[in-house]
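Novice: If you scroll down you'll find the structure; I have some questions about it.
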Amino acid sequence: MGLFDKLKHELIDIIDWPDSSGDVLVWKFPRYENEIKMNAKLTVRESQQAVFLNEGVIADVYKPGMFTLQTQNMPVLATLKGWKYGFESPFKADVFFVNTRQFVDQHWGTKNPITLSDDRFGMIELRAFGSFSYRVVEGGKFLKEVAGVAGSYTTEDINGQLRSLIMTKFSNAVGNGNFPIEKFAANLESLSQQVQEKLNTDFDVYGLQITRFLIENVSMPEELKKEIFEYSRLNKVDMQKLAQLKTAQSIETAASNPGLGGAGIGLGVGLGMGNMFANTFNNAQQAQQSQQTNNMPPPPPPPPQAFQFFVAVNGQQTGPFSVEQARQMVQSGSLTGETLVWKAGMPGWAKATTLAELTSIFGSVPPPPPVG
């Protein structure tokens, strides 16, 4: 600094910050062994606050406007300095200008996946990214809690801290948001609002405000997506139509398989299975609707169904038969190990000795007593 500048700034008459930067949050008004005059002019522009410090202690804070510095409009500083009746001599103070405009289009994202527990899909991993905007609303708090007394403080100096806090609050909001995992994409706006509210609760102590927070995308592993899509389709499917589809498929499979004894057996099995599917799905659907209507806990699962099987007799399906009936048929000789049988879940007709439930019967039933 030249001699002329040194003399010019020995006593300060004008204090202002003609901010032309795009990323500076805090700027300290420079001085060279200079003092502030009584009646000096302080200019605080729009989107600025001026903070006076006396020996490291925050004193008066000024919002936008032009001020003539006198004891009357410096109440805190006057108290700290002990100015009971005004002052005539210049005084020393550190002056910081704080930028209060919005800083927009700041980006955040998960470095590592967030692990969550879902009642239906188990442990899952999510990644997310988006953008946020913020501003300083209380210059004194921000200077004290974040920026300190450095000569300048930029967005780059604070964005790392903000992103870490954002990720913590995002994880909490996702865990407590009560959103089904398959509806995350449809609820990004609501989830964004929840995270923004949580962030502002914590950022208030720093004199900061999140003015906009957006979750732009939530991604998950491909295999989990497939499971969710299948679950969604099953939840929307018409159970009656599904039963009809299964019936048609079973008829087509039986008719095209010679081992099933032709179209007659295939038709009988298909119709039997179709009715079983329809009854099962209709009962399940009615139970679900009743539970939702009455808001009652789900009923216990039905007891396991007893073993039943069908028997091919002269190319025609007969049955179904129970285990006890099978025992009687073995004793009468109408059911042998070579008889073709079928039960639900089998791809086709097979010998009776291939069914574990019937094999034990063949070994336990005594042969007929000798004649004479």
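All of the numbers you see were taken from the coordinates with simple rules; none came from a lab. Note that the structure is predicted; figures quoted are calculated from it, not measured. Glycine gets a Cβ as well: all are built from the backbone with ideal geometry, and neighbour counts include every protein chain shown.
Novice: I'd like the FRET efficiency for T79 and R45, computed as 1/(1 + (r/R0)^6) with the beta carbon distance as r and R0 of 30 Å, rounded to 0.05.
Specialist: Efficiency for this residue pair is about 0.65.
Novice: Please give the FRET efficiency for E189 paired with K63, using the beta carbon to beta carbon distance and R0 = 35 Å, rounded to the nearest 0.05.
Specialist: My answer for the efficiency is 0.60.
Novice: In the stretch 103-225, if the dipole is taken from +1 on Lys/Arg beta carbons and -1 on Asp/Glu beta carbons about the Cα centre, which of L214, F184, G160 is farthest to the positive end?
Specialist: Highest projection toward the positive end goes to G160.
Novice: Using the number of other C-beta atoms within 10 angstrom as an exposure proxy, rank M220, M74, M167, M123 with the fewest first.
Specialist: M123, M167, M220, M74
Novice: Quote the charge dipole size of the stretch 103-225 about the Cα centre in Debye, to the nearest 20; the model charges only the Cβ of Lys and Arg (+1) and of Asp and Glu (-1).
Specialist: The calculated dipole for the stretch 103-225 is roughly 160 debye.
Novice: Report the FRET efficiency, 1/(1 + (r/R0)^6), for I14 and N112, where r is their Cβ-Cβ distance and R0 is 45 Å, rounded to 0.05.
Specialist: For R0 = 45 Å, the calculated efficiency reads 0.30.
Novice: If we count other beta carbons within 10 Å of each Cβ, what is the order of W108, W342, fewest first?
Specialist: So the residues, fewest neighbours to most, are W108, W342.
Novice: Tell me the label-point distance for the pair N172, D94, using the 7 Å Cα-to-Cβ offset, in nm and rounded to one decimal.
Specialist: 3.1
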